[in-house]
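See below for the structure under consideration.
The values are calculated or read from the model by the stated rules, or taken from the named source; none is laboratory data. Predicted, not measured: the structure shown is a model, and the values here were computed from it. A quick note on method: Cβ atoms are made from the backbone with ideal geometry, for glycine too, and the neighbour counts reach across all protein chains shown. In case anyone asks, the SASA skips ligands and DNA or RNA and just uses the protein heavy atoms, side chains included. Shrake-Rupley method; radii C 1.70, N 1.55, O 1.52, S 1.80 Å.
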Amino acid sequence: MDAPHFDTGLHPEQLRPDRGTPVETPRDIFAIYQTKNGPEAAPLSAPHMDGPLFEGSVIESAEGKDSITCPWHHWRFDLTTSACLDSPKNEDCEAKNQCLRVNTGPNGTLLLSPHSA
Ligand code: FES
């Protein structure tokens with residue numbers, strides 16, 4: 001059985017190279033980021049004070065994991081696990097953040113699905 005997904009209607013070449021590309025889904029508004037490991041998606045706003053996470057920059061760690069840095073307080077969020085990498089208490093970031101996996105569908109458009117699917 002196929003994992004549930006949402007077809008963004010976007011092709012990979014339509015993604016902005018410098019910041020997240022906003023995509024509205026029935027569940028929330030997400031931003032898709034170009035990373036060295038392929039596109040990844042996170043909510044448009046940071047789980048901490050709703051800062052403009054989509055304006056943040058993607059950084060690859062020494063372990064090869066991608067994170068996004070929020071421009072307001074510079075907290076980093078893991079784009080795969082949704083964990084906040086800078087808050088000592090994690091402040092429920094994983095529950096609020098819910099990053100998504102991005103795959104390319106049969107039409108060449110980008111599909112969003114949960115990392116757990
Ligand atoms: S609002 Fe983004 S880290 Fe605080």
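Summary of computed values
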quantity	calculated
Phi to ³J(HN,Hα) by Karplus 6.51 cos²θ - 1.76 cosθ + 1.60 over the stretch 80-85, Hz, x for Gly, Pro	9, 8, 6, 5, 7, 8
Residues whose placed amide H lies under 5 Å from that of residue 56, excluding near-sequence neighbours	20
Average Cα contact separation per residue, the chain, under 8 Å, 6 or more apart, as relative contact order %	26
Kirkwood hydrodynamic radius over Cα pairs of the chain, then Stokes diffusion coefficient at 4 °C and 1.567 mPa s, in µm²/s	92
Backbone HN-Hα couplings from phi across the stretch 51-62 [Karplus 6.51/-1.76/1.60, Hz, Gly and Pro as x]	x, x, 4, 5, 8, x, 10, 8, 10, 9, 7, 4
Cys residues of the chain counted as unpaired, since no other Cys beta-carbon is under 4.7 Å	70, 99
Computed helical MRE - 222 nm, the chain, DSSP H runs ≥ 4 contributing -39500 (n - 2.57), nearest 500	-1000 deg cm²/dmol
Accessible area expressed per residue, the chain, with surrounding protein chains retained (probe 1.4 Å, Å²)	57
